[in-house]
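J.: For reference, the structure I am asking about is given below.
The values are calculated or read from the model by the stated rules, or taken from the named source; none is laboratory data. Just so it is clear, the structure is predicted and the values come from calculations on it, not from any experiment. Heads up, the Cβs are rebuilt from the backbone with ideal geometry, glycines too, and the neighbour counts pull from every protein chain shown. Side chains included, ligands, DNA and RNA excluded: accessible areas come from the protein's heavy atoms. Shrake-Rupley method; radii C 1.70, N 1.55, O 1.52, S 1.80 Å.
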Amino acid sequence: MSQSEINKRKTFAIISHPDAGKTTLTEKILLYSGAIQVAGAVKSNKIRKTATSDFLEIEKQRGISVATSVLSFQYKDYKINLLDTPGHKDFAEDTYRTLTAVDSVILVVDCVKGVEEQTEKLMQVCRMRNTPVIIFINKFDRDGKDPVELLDELEAKLRIRVRPLTYPLGMGNRFKGVYNIYKNSFAFYRPSKSRISEESRVFSGLHDSGLDDVFGSAAAALRHDIELVDTIYENFSLDAYSTGQLAPVFFGSALNNFGVQELLDTFVEIAPAPASRSTTHGEVSPHDSKFSGFVFKIHANIDPHHRNRIAFLRVCSGTFERNKVYHHVRLNRQLKFAAPFTFLAQSKSLLETAFAGDVIGLYDSGIFTIGDTLTEGDVFMFKGIPRFSPEVFGVIRNLDPFKSKQLEKGIRHLTDEGLAQMFVQLHSNEKVVGVVGALQFDVLKYRLLHEYGARVDFLPMAAFKAFWVRYDNKKDIDDLVRFRSSSLYHDKAESLVFIANSEYSINLARENNPNAEFLSSTEHNIQTLHLQETAQITAA
Ligand code: G4P
């Protein structure tokens, strides 16, 4: 059964710094695959205005993004699962988590801007799991950086070896098209926002005099550039790509439907099918007969009358079946799902079976948190679902004491969703919320009020970053407990966290507690091994 099903699956995400062209490329890929018929069907899920008061916009975006969270479609013989990631940088953590559920990514870079801040951060997350990356340099219809300069920048800033598979001739107004170095074909650039077929011509090699006939004096420059590329960059190797060491690079213009066909065809040819994944008890192969999977995203239902949420689960092994009993490892509970759903060309439909690589939606009444594992009975948790230190912190102030319960519940649900992280100060029980960007505070306030009836404010807190503290013996953190206890917190999993108010303060803490580790990221399902000890600290 499932062996061939699994090998047909390509589960991936398109990622980029905002505005590089992720939404445009997604749409074009859907057009080429026939999943949609007209351009404009994919709505941008980015919050365009950075105005922090744009609540309605946030709500609208949330509605749209449920429908486009996973786009599943058929291309050639393959089943493609394209996982959407939020466009706004304040929601980057959601993107990082989604990256744990994919088998590869396409990274879009704007040829005018080159590698940007978010491009680098996303790449860091890909590197953590050696995710295979294909790079699409977009907007070649505009005058941007020189291709060699762009390739150098990719290698230097993204810390990955690159290998162009196509190479552009000209750019902006003088953009003629791209030469496919491996197929010796030239795709002619004919700007069009609607046509989706590309005109190309095959040559017998760079020596082919046909190049002179077609390009005249520009043929010499093309030959020179490609020979240079061949000497500078190592040959493409499927193995180096599959292990995240080497990124093939394409040039094009998503807006003008150029370079997309080539990208998509190469993607299905080389992108990996689902692979084995690490768990707390060794590796799980996608070909294992027993079902297993993990939750990487939780989405609150936008219907305010039903507080149901949707948990997105990535199937990692075996076959998921509707109405079969599965084991929720963290809660040690048996569960059955009567109405799981799948995402087919942007619409939800009832799912009967799903295979490794697929993403399914499960209605969740509040039993899931990010990182939860479901199995057929085995007791293990999937590893590698990262949780990063927030960048902005605020102390929760309850503005309506009669709604304390609602507030507590709301905060619990919204932190389950991963919208924010909460830390409780050990000696005062003061609650601090940490987020990636200040816009999330507005989302939190808005949702706490509208979904839970709780009114809150977040008092600004001078904090630099949160560090998860790992240690073997309690005496390793004597100094922290004695002198820095006001900076010690518990996170939701009761792990010990040090919130440093400056870089100086974390450096000092590291110096004075040399046997403890201070980590700026942790994993969702790995609870501290020191629960009892931190409990003692609390009591002290
Ligand atoms: P994002 O999801 O990565 O944030 O980017 P998105 O696709 O929304 O593209 C950002 C802007 O870049 C859009 O323009 C889009 O039309 C434009 N764009 C995308 N691909 C290309 C390309 O190949 N060439 C050129 N010249 N532009 C491209 P906008 O004005 O912000 O939005 P819109 O009004 O066009 O929707």
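J.: Please go through segment 143-159 and give me each residue that is touching a residue at least 60 places away in the same chain (Cβ under 8 Å) and either of a type in the set (Lys, Arg) or farther than 18 Å from Leu228 by Cβ (or both), ordered by number.
T.: Matches in segment 143-159: Leu158 only.
J.: Grab the strands (runs of 3 or more DSSP E) fully contained in segment 1-118, keeping just those with 2 or more residues being under 22 Å from Leu263 (Cα atoms) and either assigned by TED's automatic domain parsing to the domain that holds Pro164 or at pLDDT below 90 (or both).
T.: 9-16, 70-75, 104-110
J.: Sticking with this structure for a sec: Just one of Ala254, Ala240, Ala271, Ala247 is at pLDDT below 95, within 23 Å of the chain's Cα centre (by Cα) and of a type in the set (A, V, I, L, M, F, W, C); which is it?
T.: Going through Ala254, Ala240, Ala271, Ala247 in turn, just one is at pLDDT below 95, within 23 Å of the chain's Cα centre (by Cα) and of a type in the set (A, V, I, L, M, F, W, C): Ala254.
J.: Give the residues of segment 298-356 that are touching a helix residue (DSSP H, G or I) at 6+ places or on another chain (Cβ under 8 Å) and at pLDDT 80 or above, sorted by residue number.
T.: Ile298, His299, Arg309, Ile310, Gly318, Thr319, Phe355, Ala356
J.: Residues of segment 471-522 being outside any helix (DSSP H, G or I) and among the aromatic types (Phe, Trp, Tyr), which ones?
T.: Tyr471, Tyr489, Phe498, Phe518
J.: Among residues belonging to segment 177-194 that are aromatic (Phe, Trp, Tyr) and crowded, with 21+ Cβ neighbours inside 10 Å, point out the one that is nearest to Ile232 (Cα to Cα).
T.: Tyr179
J.: A further question on this structure: Give the residue, chosen from Arg159, Arg174, Arg163, Arg223, that is basic (Lys, Arg), at pLDDT 90 or above, in the same structural domain as Cys111 (by TED's automatic domain parsing) and open to solvent by less than 40 Å² (accessible area, probe 1.4 Å).
T.: Just one listed residue meets the conditions, Arg163.
J.: Next up: Being touching a Phe, Trp or Tyr at 6+ places or on another chain (Cβ under 9 Å), within 23 Å of Phe355 (Cβ to Cβ) and within 12 Å of the ligand (Cβ to nearest atom), is that true of even one residue in segment 98-107?
T.: yes
J.: So, of the residues in segment 244-256 that are surrounded by fewer than 24 Cβ atoms within 10 Å (Cβ to Cβ) and assigned to a loop (DSSP other than H, G, I, E, B), which turns out to be farthest from the ligand (Cβ to nearest atom)?
T.: Among them, the one singled out is Gln245.
J.: Of the numbered conditions (1) under 19 Å from Tyr241 (Cβ atoms); (2) in contact with a strand residue (DSSP E or B) (Cβ under 7 Å, 6 or more places away or on another chain), Leu158 satisfies every one except a single condition; which is it?
T.: Evaluating Leu158 over (1) under 19 Å from Tyr241 (Cβ atoms); (2) in contact with a strand residue (DSSP E or B) (Cβ under 7 Å, 6 or more places away or on another chain) leaves (2) as the failure.
J.: Something else about it: Mind checking which strands (runs of 3 or more DSSP E) fall wholly inside segment 413-463 and carry at least 3 residues that are buried (at least 20 other Cβ atoms within 10 Å of the Cβ)?
T.: Per the criteria, 431-435.
J.: Let me ask something additional. Checking the structure you have, find out if any residue of segment 271-294 is touching a residue at least 12 places away in the same chain (Cβ under 8 Å), closer than 30 Å to His327 by Cβ and of a type in the set (Asp, Glu).
T.: yes
J.: So is Thr415 under 30 Å from Pro272 (Cα atoms) and among the polar types (S, T, N, Q) or not?
T.: For Thr415, the condition - under 30 Å from Pro272 (Cα atoms) and among the polar types (S, T, N, Q) - is not met.
J.: Here is a further query. Criterion first (touching a residue at least 12 places away in the same chain (Cβ under 8 Å) and out of contact with any strand residue (DSSP E or B) (no Cβ under 6 Å at 6 or more places or on another chain)) does Ser242 satisfy it?
T.: Considered against the rule, which asks whether it is touching a residue at least 12 places away in the same chain (Cβ under 8 Å) and out of contact with any strand residue (DSSP E or B) (no Cβ under 6 Å at 6 or more places or on another chain), Ser242 comes out as yes.
J.: I've got another one for you. Does Lys492 meet the test of being open to solvent by 80 Å² or more (accessible area, probe 1.4 Å), closer than 18 Å to Arg387 by Cβ, touching a residue at least 24 places away in the same chain (Cβ under 8 Å) and not β-branched (Val, Ile, Thr)?
T.: yes
J.: Every residue in segment 128-147 that is part of a loop (DSSP other than H, G, I, E, B), surrounded by 24 or more Cβ atoms within 10 Å (Cβ to Cβ) and more than 15 Å from the chain's Cα centre (by Cα), please.
T.: The answer is Lys139, Phe140.
J.: Can you name the residue in segment 257-284 that is open to solvent by 30 Å² or more (accessible area, probe 1.4 Å), farther than 21 Å from Leu83 by Cβ and not in a strand (DSSP E or B) and, of all such residues, is farthest from the ligand (Cβ to nearest atom)?
T.: Ranking the candidates gives His281 first.
J.: Filtering segment 1-26 down to residues that are within 8 Å of the ligand (Cβ to nearest atom) and among the charged types (D, E, K, R), which residue is nearest to Ser104 (Cα to Cα)?
T.: This residue is Lys22.
J.: If Val70 satisfies all but one of (1) more than 23 Å from Ala247 (Cβ to Cβ); (2) under 10 Å from the mean Cα position of the chain (by Cα); (3) among the hydrophobic types (A, V, I, L, M, F, W, C), what's the number of the condition it fails?
T.: So Val70 meets the others, but not (2).
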